[in-house]
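Structure first, commentary second.
The values are calculated or read from the model by the stated rules, or taken from the named source; none is laboratory data. If you're wondering where the values come from, they're calculated on a predicted model, not measured in any experiment. Ideal geometry is used to build each Cβ from the backbone, glycine not excepted, and the neighbour counts take in all protein chains shown.
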Amino acid sequence: MKKVSIVVPMYNEEAMVELFLSTLMEVIKKEKDYEFEIVAINDGSKDETLNLLYEAMKKYPMLRVVNLSRNFGHESAVAAGLSVASGDAVIPIDADLQDPPEVISGMLELFAKGYDVVNARRASRKEDTFIKRYTANKFYKVLDRISGKVKVPQNVGHFRLISRRVCDEVVKLTESSRVFRVQVPYVGYKTGEVVFARPKRPKGESHYNFASMFDLAFNSIISTTIKPVYWPLKLAVFLAIMTGLSFVTELTLFLINLFNNSLLVGVNHPLWLVINMILLVGTFLMFALGLIAIYVGKTFIESQKRPFFIIESIKENKK
Ligand code: UDP
Ligand code: MG
């Protein structure tokens, strides 16, 4: 029988522990074809979360509790859970029931059909504030435009199913600034999708504020692509063209003026020359910056030490 690991990070979730586990159990009970383990990661909670989890272990034998030494943050907590999970399929899920456990059934159906990744995509962002919806939309547009070969799916968070081999590859990625939602598409494999409506948090509080959303957005872009490092160079080329045009125009006007000084008397050549020199220096600086940026970007890619290919299978005839 195949085993499924449910990985749930918890930070100050005392209000949710029992509610989450009992709701999840309702779903697990119905899935007779699979064996389950629940890996709960206590991410340095300052409330009773850990004790409640230990208490719950008596009631739910398949519950394993991983206690982190301090608060490391959502991404790290999930990474810790993935490294401990032993299932043939692994499903990270939030403790606040905003990722409805019912969706797991749909994921398992696709898993049985041979999908290695099953994303749970939020159908709409109706329940979000206008600002959050707007920024999220714009963010995904920008990310999509610059992301190159790694396609990060829209409106998919941590909640998804990944197979054993995908989980192993994600755990193997060495970068310390981890963004799960980028790592999974980086690893690849056959990917399917289920759609769900995201409810509001029933109890407790969201741990994300505007600053951490910004942080996540920034990390997502940086760990997907280094394309922005080419922007200074592009700006340098643009500046160079502008500078050239400006010089040529000034020189032409200057020459016209030399031969016929009744024409174009209003042109302030000394001032224009100063502006041209500033443009020229700016262009040089921008080129220098552009070069440095590219080297820094390449160094960043190298330092991530990601595998530059992952072989899914090899087929060959026997000799
Ligand atoms: N979480 C965590 N460590 C943190 C912050 C959050 O493990 O430092 C967990 C939290 O307990 C929850 C999940 O990450 O299970 C998502 O957090 P939250 O619901 O606050 O995020 P939101 O749904 O508002 O994006
Ligand atoms: Mg939440």
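Here's a check for you: in the stretch 133-148, which residue that is surrounded by 16 or more Cβ atoms within 10 Å (Cβ to Cβ) and not in a loop (DSSP other than H, G, I, E, B) is farthest from the chain's Cα centre (by Cα)?
Ranking the candidates gives Thr135 first.
If you go through the stretch 1-37, how many residues are crowded, with 17+ Cβ neighbours inside 10 Å and either within 13 Å of ligand 1 (Cβ to nearest atom) or among the small types (Gly, Ala, Ser) (or both)?
16
Take the residues of the stretch 57-86 that are more than 16 Å from ligand 2 (Cβ to nearest atom) and charged (D, E, K, R): which is nearest to Asp168 (Cα to Cα)?
If we take residues in the stretch 57-86 being more than 16 Å from ligand 2 (Cβ to nearest atom) and charged (D, E, K, R), then Arg64 is nearest to Asp168 (Cα to Cα).
If we scan the stretch 269-284, do we find a residue that is in contact with a Ser or Thr (Cβ under 6 Å, 6 or more places away or on another chain) and among the hydrophobic types (A, V, I, L, M, F, W, C)?
Yes, there is a match, as at least one residue in the stretch 269-284 is in contact with a Ser or Thr (Cβ under 6 Å, 6 or more places away or on another chain) and among the hydrophobic types (A, V, I, L, M, F, W, C).
From the list Glu31, Glu48, which one is away from ligand 2 (no atom under 16 Å from the Cβ), modelled with pLDDT under 95 and in contact with a helix residue (DSSP H, G or I) (Cβ under 7 Å, 6 or more places away or on another chain)?
One residue alone meets the criteria, Glu31.
Would you mention how many residues in the stretch 112-127 are in a loop (DSSP other than H, G, I, E, B), surrounded by 15 or more Cβ atoms within 10 Å (Cβ to Cβ) and among the charged types (D, E, K, R)? Even if it seems obvious, please write down each step before you answer.
First pass over the stretch 112-127, keeping only residues in a loop (DSSP other than H, G, I, E, B): 113-116, 123-127.
This time we only want the ones that are surrounded by 15 or more Cβ atoms within 10 Å (Cβ to Cβ), so: 115-116, 125.
Narrowing the set further to residues that are among the charged types (D, E, K, R) leaves 116, 125.
So the answer is 2.
Name the helices (runs of 4 or more DSSP H) wholly inside the stretch 149-224 in which the number of residues that are buried (at least 18 other Cβ atoms within 10 Å of the Cβ) and within 16 Å of ligand 1 (Cβ to nearest atom) is 1 or more.
By residue number, 180-187, 210-224.
List pairs: first in the stretch 150-176 and within 20 Å of Leu24 (Cβ to Cβ), second of a type in the set (Phe, Trp, Tyr), Cβ under 6 Å, 6+ apart or cross-chain?
So the pair list comes out as His158/Phe180; Leu161/Phe111.
Mind telling me which of the residues Ala211, Ala197 ends up being free of Cβ contacts under 8 Å to residues at least 24 places away in the same chain and aliphatic (A, V, I, L, M)?
Going through Ala211, Ala197 in turn, the sole match is Ala211.
Residue check: is Asp88 under 24 Å from Lys190 (Cβ atoms) and not hydrophobic (A, V, I, L, M, F, W, C)?
Yes; evaluated as a whole, the condition is true for this residue.
Residue by residue through the stretch 48-93, note down the ones that are closer than 15 Å to Lys3 by Cα and not in a helix (DSSP H, G or I).
Residues of the stretch 48-93 closer than 15 Å to Lys3 by Cα: 61-64, 82, 84-92.
Once the filter is applied, which keeps residues that are closer than 15 Å to Lys3 by Cα and not in a helix (DSSP H, G or I), the stretch 48-93 yields Pro61, Met62, Leu63, Arg64, Ala85, Ser86, Gly87, Asp88, Ala89, Val90, Ile91, Pro92.
So Leu52 passes all but one of these: (1) surrounded by 19 or more Cβ atoms within 10 Å (Cβ to Cβ); (2) within 29 Å of the chain's Cα centre (by Cα). Which condition number does it fail?
The single condition Leu52 does not satisfy is (2).
For the stretch 118-129, does any single residue satisfy the condition of being farther than 28 Å from Glu312 by Cα, hydroxyl-bearing (Ser, Thr, Tyr) and out of contact with any Leu (no Cβ under 6 Å at 6 or more places or on another chain)?
yes
Is the stretch 54-71 home to any residue that is at pLDDT below 95 and among the β-branched types (Val, Ile, Thr)?
No - not one qualifying residue is present in the stretch 54-71.
Given the options Glu13, Glu37, name the one that is outside any helix (DSSP H, G or I) and modelled with pLDDT of 95 or more.
The conditions single out Glu37.
Kindly indicate the residue of the stretch 61-79 that is touching a residue at least 60 places away in the same chain (Cβ under 8 Å) and closer than 15 Å to Ile38 by Cβ and also nearest to the chain's Cα centre (by Cα) among those meeting that condition.
So, considering only residues that are touching a residue at least 60 places away in the same chain (Cβ under 8 Å) and closer than 15 Å to Ile38 by Cβ, the one nearest to the chain's Cα centre (by Cα) is Val78.
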